[in-house]
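Please read the structure below before turning to the comments.
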Ligand code: GUN
């Protein structure tokens, strides 16, 4: 392997320590940032994420509430839960873990969250602020984490061609919006590819920074990567593997070994973008708590 490994565990830890210091500072003025995480149903991956978010919150000295609702919960019951959290002064940030059960209307759920508590940045008000470059927007944690990784690793985004594979509301679209903003971690030229893109490998090969967020195991192969490119792997996929105790292994959207042989830098899976996502969620919760202080 020739690529530099971008260590999300170490970087995420550093950010969480910075957040913990700010939490201690807020405690002196009587504010304890609080995050509520709502999980509907029993999706195994979501259960792991929700547990990690709660634990990280507590470790940073924040107030953490996890609300687990059965898969049979109605839309009205979930909206009522959100209303309660909206009105709770101990809760500064909240998120509803996605995906929701198919019968639910996710858009209506996301719109119900008070935009001032929307630490996921999925409410249309925050999406609009992100697009227009309003600094008070909550930035969705995963692309925000990717941007921080690039900044803290000294990867120059200014003038670079960033190619994003994936156009989801959670990663691809906000990632593009962050990278085209003016300023540190921005000023990039951005191309967004997706399942209907013609000759995707040819476009991917033009990338100085290639960001894979499509949720397909080892989709990005070495022939799609320009030698020397920086490769960020947002994917986390479970692949059947009978040799493993759990019966599966985790892998990203990038074929790690062959791509690491030609990239200049690459994120591992696990241990890359994942820990950064949680760190940025804490950072957003801190931002939400500071907002209440400002009035
Ligand atoms: N599911 C996958 N990523 C996310 C995220 O960032 N926030 C929420 N709420 N659900 C997710």
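Brief remarks on what is shown
- The single condition from (1) within 24 Å of residue 49 (Cβ to Cβ); (2) in a loop (DSSP other than H, G, I, E, B) that residue 182 fails is (1).
- Residue 166 free of Cβ contacts under 8 Å to residues at least 12 places away in the same chain and either within 30 Å of residue 68 (Cβ to Cβ) or surrounded by fewer than 23 Cβ atoms within 10 Å (Cβ to Cβ) (or both): no
- Between 207, 202, 162, the distinction of being more than 16 Å from the ligand (Cβ to nearest atom) and touching a helix residue (DSSP H, G or I) at 6+ places or on another chain (Cβ under 8 Å) belongs to 162 only.
- Some residue of region 103-111 being modelled with pLDDT of 95 or more and touching a strand residue (DSSP E or B) at 6+ places or on another chain (Cβ under 6 Å): yes
- Scan of region 169-180 for residues that are over 14 Å from residue 127 (Cβ atoms) and surrounded by fewer than 19 Cβ atoms within 10 Å (Cβ to Cβ), ordered by number: 180
- Among the residues making up region 97-112, those that are assigned to a loop (DSSP other than H, G, I, E, B) and within 10 Å of the ligand (Cβ to nearest atom) are 97, 98, 99, 100.
- Selection of region 247-257 for residues being out of contact with any strand residue (DSSP E or B) (no Cβ under 6 Å at 6 or more places or on another chain) and either in a loop (DSSP other than H, G, I, E, B) or without any contact (Cβ under 8 Å) to a residue 12 or more places away in the chain (or both) yields 247, 255.
- Residues being over 27 Å from residue 270 (Cβ atoms) and in contact with a helix residue (DSSP H, G or I) (Cβ under 8 Å, 6 or more places away or on another chain) are entirely absent from region 42-52.
- Hits in region 20-56 (condition: more than 15 Å from the ligand (Cβ to nearest atom), part of a loop (DSSP other than H, G, I, E, B) and either touching a residue at least 40 places away in the same chain (Cβ under 8 Å) or in contact with a strand residue (DSSP E or B) (Cβ under 7 Å, 6 or more places away or on another chain) (or both)): 29, 31, 32, 33
- Residue in region 232-245 that is in contact with a helix residue (DSSP H, G or I) (Cβ under 7 Å, 6 or more places away or on another chain) and farther than 25 Å from residue 98 by Cβ present: no
Condition check ((1) part of a strand (DSSP E or B); (2) within 21 Å of the chain's Cα centre (by Cα); (3) surrounded by fewer than 18 Cβ atoms within 10 Å (Cβ to Cβ)) across all residues:
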residue: 211; (1), (2), (3): yes, yes, no
residue: 216; (1), (2), (3): no, yes, yes
residue: 245; (1), (2), (3): no, no, yes
residue: 259; (1), (2), (3): no, no, no
residue: 262; (1), (2), (3): no, no, no
residue: 269; (1), (2), (3): no, yes, no
residue: 275; (1), (2), (3): no, yes, no
residue: 278; (1), (2), (3): no, yes, no
residue: 292; (1), (2), (3): no, no, yes
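- Qualifying positions in region 115-135 - touching a residue at least 12 places away in the same chain (Cβ under 8 Å), surrounded by fewer than 17 Cβ atoms within 10 Å (Cβ to Cβ) and assigned to a loop (DSSP other than H, G, I, E, B): 133
- Taken over region 57-93, residues that are over 17 Å from residue 27 (Cα atoms), part of a helix (DSSP H, G or I) and touching a residue at least 24 places away in the same chain (Cβ under 8 Å) amount to 8.
- In this structure, residue 148 does satisfy being within 16 Å of the ligand (Cβ to nearest atom) and surrounded by 15 or more Cβ atoms within 10 Å (Cβ to Cβ).
- Output for region 228-243, where each listed residue is surrounded by 16 or more Cβ atoms within 10 Å (Cβ to Cβ) and in a loop (DSSP other than H, G, I, E, B): 229, 234, 235, 236
- Qualifying residue in region 43-57 (condition: closer than 23 Å to residue 121 by Cβ, more than 19 Å from the chain's Cα centre (by Cα) and at pLDDT 95 or above): no
The values are calculated or read from the model by the stated rules, or taken from the named source; none is laboratory data. Small disclaimer: the values here were computed from a predicted structure and weren't measured. Glycine also receives a Cβ, built like all others from the backbone with ideal geometry; neighbour counts cover every protein chain displayed.
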